[in-house]
1. Extending each Cα 7 Å along its Cβ direction at Glu60 and Asn88, get the distance between those two points in nm, one decimal.
2. Multiply the residue separation of Asp45 and Val13 by 0.36 nm, subtract the distance between their alpha-carbon atoms, and state the gained length in nm to one decimal.
3. Provide the packing ranking of 13-21, 63-71, i.e. peptides ordered by the mean count of other C-beta atoms within 10 Å per residue, highest first.
Amino acid sequence: MAEQQTENFFDSVIDSFWACLPEETADNLATFKKDVLRGFRSAVDSFVDTSIAEVDRHLENARRMREEWNARCAAEAPNDLGDETPPNPA
């Protein structure tokens, strides 16, 4: 209950701030703020997309390395191992 009253108080203070500004100024400031926030969101989205692509690339490289290690171990191992999978050196 107290949290809601505090939230309502802060909302009222912010509303009062916007109401004190001339209408055109408030509209321009709001547009500027929204543009900045959209730019920030775009930058964060771009960063997230890049990070996801890097994770996928690292995972694919790790798979390739495992396949190379397994092939190398299979080539170097004596034939009496049978169907055992070579150990992962990682």
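1. 2.0 nm
2. Working: separation 32, 0.36 × 32 = 11.52 nm, distance 3.17 nm.
This chain segment gains 8.4 nm when fully extended.
3. Details: 13-21: 10.2, 63-71: 11.9.
Ranked by mean Cβ neighbours within 10 Å, highest first: 63-71, 13-21.
Quick note: the coordinates plus some simple rules give every number you see, no bench work behind them. All of these numbers come straight from a predicted model, not from anything done at the bench. All Cβ positions, glycine included, derive from the backbone under ideal geometry; neighbour counts span all protein chains shown.
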